[in-house]
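Contents: one structure, followed by commentary.
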Amino acid sequence: MSLPVVVIGVSHKTAPLDVRERFAAGAETLPEVLARLMAKPELEEAMFLSTCNRVEVIGLSKVGKTLEDSTRLAGRAIREALRDHVGASSVEALGSWVYEKSGDDAVRHIFRVAASLDSMVLGEPQILGQVKFAYDAAVAAGALRNHLARCVHRAFTVAKRVRSETQLGAGIVSISSVAVDLATRIFGDLAGRTVLLVGAGEMAEQAAKSLGKNAQAIRVCNRSFERAAILAATFGGTAAPLDKLEAELVASDVVVASTSSKTFVITRDLMKRVMKQRKGKTLFLIDIAVPRNVEPDVHNLDNVYVYNVDDLEQEVRENMKARQGELAAAEVIVAAELEAWTAWARGLNVNPTVIALRARTRGVLVSELERSLGGRLKHLTEGDRAALAQMVESATNKLLHAPTTRLKLAASSSDAGDLVDALHHLFDLPKPAEEPGESERDSRSSIKNEDPTGDESDDSHDKRLAH
Amino acid sequence: MNEHLANVLFASTAAAYVAAFVLFLRFLVRGKGNVGKVGPRLMAFAAVLHATHICVASLLLRVCPVGGIHFPMSVATMLMAVAYVVAGKRWRVEVAGAFIAPLALTSLMASRFVGGGAEPGDGVKSLLLPLHVTLNLFGVALFGLAFSAAALYLVQERFVKAKRIDGMSRRLPPLDALDRAEHRFLLAGFPLLTFGILTGTVWARRVEMGGTSEILRAVFGYVTWLVIAGVLFLRAAAGWRGRRAAYGTIAGFGFSVVVLLIYLLRKDAPRDVVTGNRASSDDAYGPRGHVVSSTVRP
């Protein structure tokens, strides 16, 4: 294990939609959830990712006695935060839906998620935007600062590599295009049909792109009329506020619901009224929101068909079969990136030792130099004294260059625990746990620009952090 | 020679319908075959054979196919096949052939092997008879197509409601296409049925409605009209579409088939009267196509 990273969450693979929607958090509740996470003393950094297919907390534990110990404690803290978030009675009540990954497995998972290798629709591009959104929210809340931020940022690079070096994203079957396919199963084609978007977010926009190609008209109904008007104008459609929803439903044939509402926007009672006014004309509703926008019982009404994100999975599976070859190529990229990341992260573990060794060496030399400068070398001028100080610095660097390099090399390829122990024993270095605060902060700041795996991404990473 | 030709045509028609049915079934179950192109062509071929068979058999019998009740089901399903060929592709319900082919085959067989049949008595012979029969047969043919679309709708609707949208669901026509096709076939068939009912009513006044089969036929005829009228009215007035309309259509078609079956199975007219009316000494065919003195049947 390189870093005590922990991922705990639910996804389309482990939990049905009605469970996932209990875990979900919209943009407005993210700061509160992140604050709850950062209030846990076991967590150094955290991020909350909430999409229609997954809800995950990614955390970095504070340094404990061992990495295993740290991740265990961090995992417990995250589960407690999730318990409070969903209003469960206990951590155990979260159930078997929740999965947990730690260490390198967790990092691999983050890379795979960002690269859309764990998505319901393999290779779909929306997930990267969603991870970036979660990243920005965590940075803004001060929950991502250093190593975990770098890890997530590294995941962006992995995602970009997968998209550019494989055909995984080519001709992608997105949720929206699957929805179009389903709509044609009911209507034949969308010519002459009216599509209603309930909600005006990114998913609605994607749906409009797919459905709008063939539909006769696009209507957008949103809580914020201004946002609805902007989206409608993009596709030459019409906008309406949410309180006109009933009339909009009466005039539409295909409905895509994607609001962030915590309650059902389209209820059975509403739909019964709508269908009466429509004189039974078929209505197809695609609910891609989590939590769901359409009451499930609506599907039982005559001539009304409701499909949610889980229902689309079946369609998507066929898409995945055709992409297995590209998936293998993408997995190779993930494995290579993980190896590079692990090597770099392992180097972090020996950093406190390197710093302590450096401090000890420098301390001895400086102390001896100061004693001499106070005695036999008292006559030296300021210039001579500065030259001697420079000499001590150079001697320290040259003396420690080889051991530092070899120690980091050993750490990147395997566990350098024996070497670290030997150095601590031979030079009587303080144990990291004895003075965790200062040395840990120093070590993390000192390695900030030494990431061997992220040459070009450091600048943008720092800018993003600064932002 | 003529008998032989009729038999060959009968067997060829049956074989063509069987081949079409197998093609559709193979497509629906296994997803194999190009039903969109081959299906309607094969059905068109079968319909041509079927029509030729009816012509040849009626020439041999020296009767008009719609002048009596000799070939009612056979003619109805032949018309059904023709209507399918004309409208199936346009209304995107090519797969309805999966119902039309076995229906046509069954009625072809029934017209040859089932029941005693009867030639109309002198009291009912008039110009109204061919008109009445023709209108009703066209009506039944269109209701048969509406029935096929309705049945497919129910199957597809079941898949979509159950969210089992792979496999067979993918090979069935879209729900809306089926619903619209069903409605159009009903709309087209209803005026024909109405005229058929009207001519039948006028005709019935001229004869004595004494027999049970005649009463039943009239009752089921009116019930058919009422059911179809109800389906169309409720669709327009109360939004009865989809599943409800499909059930109504199936019921309406069911009643119309009962009327045909009563025609086919009634035994209140003596067979020898029928055969005696038209069979010449050198022609072994009975009026329904039954061969009295030969083993050959049309």
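Using R₀ = 30 Å, calculate the FRET efficiency as 1/(1 + (r/R₀)^6) where r is the Cβ-Cβ separation of A:Ala251 and B:Arg170; round to 0.05. With R0 = 30 Å, the Cβ-Cβ based efficiency is 0.55. For the Cα atoms of chain A, what angle does the longest principal axis make with the long axis of helix A:225-234, in degrees from 0 to 90, nearest 10? The angle comes out at about 80 degrees. Shown are A:Thr51, A:Thr234, whose ranking by accessible area with a 1.4 Å probe and every protein chain present, most to least, is A:Thr234, A:Thr51. For a Förster distance of 56 Å, can you work out the FRET efficiency between the beta-carbons of A:Ala402 and A:Ala328, rounded to the nearest 0.05? Efficiency at R0 = 56 Å is approximately 0.85. Among A:Asp384, A:Asp418, A:Asp181, the order of accessible area from largest down is A:Asp418, A:Asp384, A:Asp181, computed with a 1.4 Å probe on protein heavy atoms.
Summarising the label geometry, the points placed 7 Å from Cα in the beta-carbon direction at B:Leu265 and B:Leu187 lie 3.5 nm from one another. Annotation for the B:A interface, with buried accessible surface near 2100 Å², both sides summed [1.4 Å probe; non-protein components not counted]. If R0 is taken as 25 Å, the Cβ-Cβ distance between A:Asp297 and A:Lys209 corresponds to a FRET efficiency of 0.25. Among the protein heavy atoms, those of B:His4 account for about 120 Å² of accessible surface (1.4 Å probe, every chain in place).
The listed residues B:Thr106, A:Thr353, A:Thr184 rank as B:Thr106, A:Thr184, A:Thr353 when sorted by accessible area, largest first, using a 1.4 Å probe.
Using the rule -39500 (n - 2.57) for each DSSP H run of four or more residues, divided by the residues of chain A, the 222 nm mean residue ellipticity is -18000 deg cm²/dmol.
Solvent-accessible area of chain A (1.4 angstrom probe, protein heavy atoms only): carbon and sulfur portion equals 52 percent. Counting heavy atoms of the protein chains alone, A:Met275 has an accessible area of about 20 Å² for a 1.4 Å probe.
Partner shielding of A:300-310 amounts to 3, given as the average count of beta-carbon atoms from other chains within 10 Å of each residue beta-carbon. Solvent-accessible surface (1.4 Å probe) assigned to A:Thr166 amounts to roughly 10 Å².
Structure note, pairs A:Lys272/B:Lys161; A:Lys160/A:Lys408; A:Lys132/A:Lys160; A:Lys244/A:Lys276: Cα-Cα distances above 19 angstrom occur for A:Lys160/A:Lys408.
For chain A, the longest principal axis of the C-alpha atoms and the axis of helix A:457-466 are separated by about 80°.
The values are calculated or read from the model by the stated rules, or taken from the named source; none is laboratory data. This is a predicted model, so every value here is computed, not measured. For neighbour counting, all protein chains shown are included, and Cβ atoms are generated from backbone atoms with ideal geometry for every residue, glycine included. Side chains included, ligands, DNA and RNA excluded: accessible areas come from the protein's heavy atoms. Shrake-Rupley method; radii C 1.70, N 1.55, O 1.52, S 1.80 Å.
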